[in-house]
Amino acid sequence: MTAPFELTDDSVVVVIGTGAGGGVLANELAQKGVSVVALEAGGRYLPEDYVNDEWESFGQLAWLDKRTTSGDWRVARDFSGLPAWIVKAVGGTTTHWAGASLRFQPHEFKTKTTYGNVQGANLLDWPIDLAEMEPWYEKAEAKLGVTRTGDRAGLPGNNNFKVLEAGAKALGYKEVHTGRMAINSADYDDRLACQQTGFCFQGCKWGAKWSAAYTDIPRGEATGNLEVRERAHVLKIEHDASGKVTGVLYADKDGNQHLQKARIVCVAGNSIESPRLLLNSASAMFPDGLANSSGQVGRNYMRHMTGSVYAVFDKPVRMWRGTTMAGIVQDEARHDPSRGFVGGYELETLALGLPFMAAFLDPGGWGREFTTALDSYENMAGMWIVGEDMPQETNRITLNHDALDQYGLPAPNVHFDDHPNDVAMRAHAYRQGIAIYEAVGATRTFPTPPYPSTHNLGTNRMSENPRDGVVNRWGQTHDIANLFVSDGSQFTTGAAENPTLTIVALAIRQADHIAGQMSQGTL
Amino acid sequence: MTLKQKGISRRQLLAGSVAAGAAFVVGAGFVAAPTAAWAMEVSHLQPATMATLIQMARDIYPHDHVADEYYAAAVKGYDTAEAAPGIEAGIAALDAAARGKGHPSYLGTGWERDRVDILRGMEESVFFQTIRGGLVTGLYNQKAVWPLFGYEGESYSKGGYIDRGFNDINWI
């Protein structure tokens, strides 16, 4: 049951975006009795709507609005209009994510302290630490039903995992298992157990993988306190003469514009759209954009150090069968500068179907070097590399005034250059990934370049000192008390782990804080 | 489609066509396999142009176990009034490049390595990149092609792989 709120109702909390951050925040606030209007740019798709066909699903779910790219990353050359592979739908990228749900390591909240000065890196300690986050991680793991946490069992390993596991153990790796996944290993929380169907990236048709689309969103709506307006694309956040935000201007599905009044605005549009919205909301009072007195809005864009290793064997693997991200090697996630870089990385199985393998194995590649790889598709195993990348001030989201979106607003430009630490870490990870597969008989290996970013982080980062970042320890902007950031753009640094669990934990924590402050009358 | 479906016999086909390279015969408004295993009508492109385009597609993404008809299907979309002038110009440039290297035409270039050498010379051109980029989906997103690579596509309708071999690897 939805709760229709008036556009003029200035008592509501407006949440922009309904993914891991916004979707969870909206529900958690609604559960506490707070009135919430969630504005979602995309449409609503549920398991019966998901399509287990890579390109057709991409057309259904991907965020394909105008974007541009620059920098030395290969994505800018191979996919110049598609810097990120994320979702435009109710539930956001929680429809697409693989489900890996790992807590940060203690040092990853304190990288400036731990890593010291890394030239060219804009490192900073988070204003919070793991001890403070642990109870919120626990709530997040229970919400998502994360395997290998609480009393939840791990998932069974598929063929792709078995290859990874055997190779990793042959190399002496110890932390090798089927992951901590927000995919049910047994029926849990009214959701089915995983049926090993594959196509985790295309939306789980069983609902075995947690997505806000069919958990937090409908549960929030059922309270009567949450109204989700889909196909409502926010264009601008408005403020009054005192500098407090008062509402948001959005375009509905027909392009008609509306102004929704608000007591509090929470921005959760992912690390590209969130800073873009703050920048596009510039006014006479805030000429550099909202919450940007530090100049850090849009800066320190992180995408994780990524890459893939695929390998061909002399016998079939059929990696596409079963869970897409079916297992992990964690031994390299530690911080050990003796390897030639700071921070660490995870190795996680990954499988692409034939159509996406053709698109992503070696973008632009052709001829027999390329096609003989695909000829052995059935005999391929694959892993994804995800490691901590260095925040750099010059890696940033800016407004491209030469490229306008469908509303006539400047599109975001995503600039990214690899830091030497990223390059060194990727080289190490490629070597180790190749060694894993060669240890179990790979006849050919492919160090595959990064895909368009799925982990977009850091562009409204959290800082103790308002000079260093955009939001404080609660995701509240330093400059504007009733303006919050609720997605991965809050991340001070990226850590080695897949970010969703931390985004969810922060959202649960933020909801608790906002509801508390509202009831105390301080917000 | 097969010739049988078109109501053309192999004898009729060969009587009304001329060889275009080793892999194709072309006639008025069609391209076909010399074996008559498949034929494709063309409305806007010259049949010889389409035959060359199919060969170019194979040379870009050569899979010896994938028959020409799938490459033909992958490029058939260029046979439109809108696309035809650009394709004719691109193929003309390809033939000119072949002649520049001493071959009679692209299709008349016998060895794949020589055709690939011609393609490398125009790799940066908009024409080449358009054809290559289109093939990534045009060829590999054909559901009929997937089984030729062992790829099984969706499994939801069969209940996933939970009881159908998600962990059946036996050599590891």
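No lab work stands behind these numbers, since they all come straight from the coordinates. Bear in mind the structure is a predicted one, so any value in this text is a computation, not a measurement. Cβ atoms come from the backbone with ideal geometry, glycine included; neighbour counts cover every protein chain shown.
Pairing residues of segment A:159-171 that are of a type in the set (A, V, I, L, M, F, W, C) with residues that are crowded, with 24+ Cβ neighbours inside 10 Å and in a helix (DSSP H, G or I), at Cβ distances under 9 Å and at least 6 apart in sequence or on separate chains, gives A:Val163/A:Ile436; A:Val163/A:Tyr437; A:Leu164/A:Ile436; A:Leu164/A:Tyr437; A:Ala166/A:Ile436; A:Ala168/A:Ile436; A:Ala170/A:Ile436; A:Leu171/A:Ile436.
For segment B:107-131, a residue qualifies if it is in a helix (DSSP H, G or I), acidic (Asp, Glu) and farther than 15 Å from A:Thr371 by Cβ, and the qualifying residues are B:Asp114, B:Asp117.
Scan segment A:33-73 for residues that are away from chain B (no Cβ under 14 Å), charged (D, E, K, R) and within 20 Å of the chain's Cα centre (by Cα) and the total you get is 5. Beta carbons closer than 9 Å, at least 6 apart along the sequence or on distinct chains, pair a first residue in segment A:36-51 that is in contact (Cβ under 8 Å) with a residue 60 or more places away in the chain with a second that is among the basic types (Lys, Arg) and not in a loop (DSSP other than H, G, I, E, B) for A:Val37/A:Arg229; A:Ala38/A:Arg229; A:Leu39/A:Arg229; A:Glu40/A:Arg229. Among residues of segment A:317-330 that are without any contact (Cβ under 8 Å) to a residue 24 or more places away in the chain and under 12 Å from A:Ala381 (Cα atoms), none has a Cβ under 8 angstrom from a residue that is of a type in the set (Asp, Glu) and outside any loop (DSSP other than H, G, I, E, B) at a sequence gap of 6+ or on a separate chain.
Of all residues in segment B:136-172, count the ones that are assigned to a helix (DSSP H, G or I), surrounded by fewer than 18 Cβ atoms within 10 Å (Cβ to Cβ), of a type outside the set (Lys, Arg) and more than 7 Å from chain A (Cβ to nearest Cβ).
Residues flagged as assigned to a helix (DSSP H, G or I), surrounded by fewer than 18 Cβ atoms within 10 Å (Cβ to Cβ), of a type outside the set (Lys, Arg) and more than 7 Å from chain A (Cβ to nearest Cβ) within segment B:136-172 amount to 3.
Candidates A:Arg431, A:Arg473: the one that is surrounded by fewer than 22 Cβ atoms within 10 Å (Cβ to Cβ), within 24 Å of A:Glu388 (Cβ to Cβ) and without any contact (Cβ under 8 Å) to a residue 40 or more places away in the chain is A:Arg431. For segment A:460-477, the set of residues classified as farther than 22 Å from A:Ile508 by Cβ and of a type outside the set (D, E, K, R) consists of A:Asn465, A:Pro466, listed by residue number. Of the strands (runs of 3 or more DSSP E) lying entirely inside segment B:1-84, those carrying at least 1 residues that are buried (at least 19 other Cβ atoms within 10 Å of the Cβ) and within 13 Å of the chain's Cα centre (by Cα) are B:24-27, B:30-32, B:39-41. The set of residues from segment A:315-360 being within 11 Å of another protein chain (Cβ to nearest Cβ) and not in a loop (DSSP other than H, G, I, E, B) comprises A:Leu354, A:Pro355, A:Phe356, A:Met357, A:Ala358, A:Ala359, A:Phe360.
Within the bounds of segment A:376-395, is there any residue that is among the acidic types (Asp, Glu), within 28 Å of B:Trp171 (Cα to Cα) and either within 14 Å of chain B (Cβ to nearest Cβ) or assigned to a loop (DSSP other than H, G, I, E, B) (or both)? Scanning segment A:376-395, I find at least one residue that is among the acidic types (Asp, Glu), within 28 Å of B:Trp171 (Cα to Cα) and either within 14 Å of chain B (Cβ to nearest Cβ) or assigned to a loop (DSSP other than H, G, I, E, B) (or both), so the answer is yes. Remark: A:Asn498 matches the filter, which requires a residue to be closer than 28 Å to B:Ile169 by Cβ and touching a Ser or Thr at 6+ places or on another chain (Cβ under 8 Å). Only strands (runs of 3 or more DSSP E) whose full extent lies in segment A:157-262 are considered here, and the ones with at least 2 residues that are closer than 25 Å to A:Leu144 by Cα are A:226-229.
Note on segment A:1-105: enclosed helices (runs of 4 or more DSSP H) holding 3 or more residues that are over 22 Å from A:Trp206 (Cα atoms) are A:22-31, A:75-78.
Counting residues in segment A:345-352 that are in contact (Cβ under 8 Å) with a residue 60 or more places away in the chain, out of contact with any Phe, Trp or Tyr (no Cβ under 8 Å at 6 or more places or on another chain) and on the phi < 0 side of the Ramachandran plot gives one or more.
Does A:Asn421 fit the bill of being away from chain B (no Cβ under 14 Å), buried (at least 20 other Cβ atoms within 10 Å of the Cβ) and over 30 Å from A:Leu102 (Cβ atoms)? No.
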